[in-house]
Amino acid sequence: RRESSLRSLFDSLTGLTSHLTSSALKHTSRTRESAARAIARSPEQLRMDKITHQTDIYSLGVTMFRLLTGRMPYEAGSRVALTYAILNTPPERPSTFRPDLPPLLDKIVMTAMSKDPAHRYRSWLDFGKDLSQAFTALRLERVNMESTETGWTADMVVGITPEVCESFALMVAAI
């Protein structure tokens, strides 16, 4: 039963990734469908190397990048160019597009999207620990900001609510 609910969650995340990536290329809808599947593929998938749980960590990193920045980590005019970018071009840091992102979230996404699986999170537990740490830091920042009587909340300043971090952490914990 647990496996089926985990599979269902993974299928939902995969569907979300495919939906979010449909705008990665600007050509025919056939190319877009192909690109939507390709953009969340890890470098090892494209090289047809051994697939592990770190492949899924990479795909979730791509999804987080899109959710945090409103854009894809790679944009290309063709599937070949997209494949080349995924294999050879380091993605921009999410903070390049959202300078207000906390450094820890920037680090989490970049670690998850590392081209070399040896530099990604080794386990979902490690990934979840960093997300929980980000969640805790944002909660503390929110309390500190709200207590300064500025009228601003951390949500307004940072732009990422602790609930977003908590949602990511819960997704990882469920996997």
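The table that follows gives values for the structure above.
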{"quantity": "Positions within the stretch 90-112 being aliphatic (A, V, I, L, M) and modelled with pLDDT under 95, in sequence order", "calculated": "Leu101, Leu104, Leu105"}
{"quantity": "Pairs with Cβ under 7 Å, 6+ apart, first in the stretch 108-128 and in a helix (DSSP H, G or I), second aromatic (Phe, Trp, Tyr)", "calculated": "Val109/Phe65; Thr111/Tyr121; Ala112/Tyr58; Ala112/Tyr121; Ala112/Phe127; Phe127/Tyr121"}
{"quantity": "Candidate set: the stretch 73-125, residues that are of a type in the set (Phe, Trp, Tyr) and farther than 13 Å from Gly61 by Cα; chosen: the one most open to solvent (accessible area, probe 1.4 Å)", "calculated": "Tyr84"}
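The values are calculated or read from the model by the stated rules, or taken from the named source; none is laboratory data. Since we're looking at a predicted model, the values are computed, not measured. We place every Cβ from the backbone using ideal geometry, glycine too, and count neighbours over all the protein chains shown. What goes into the accessible areas is simple: the full protein's heavy atoms, side chains included, and nothing from ligands, DNA or RNA. Shrake-Rupley method; radii C 1.70, N 1.55, O 1.52, S 1.80 Å.
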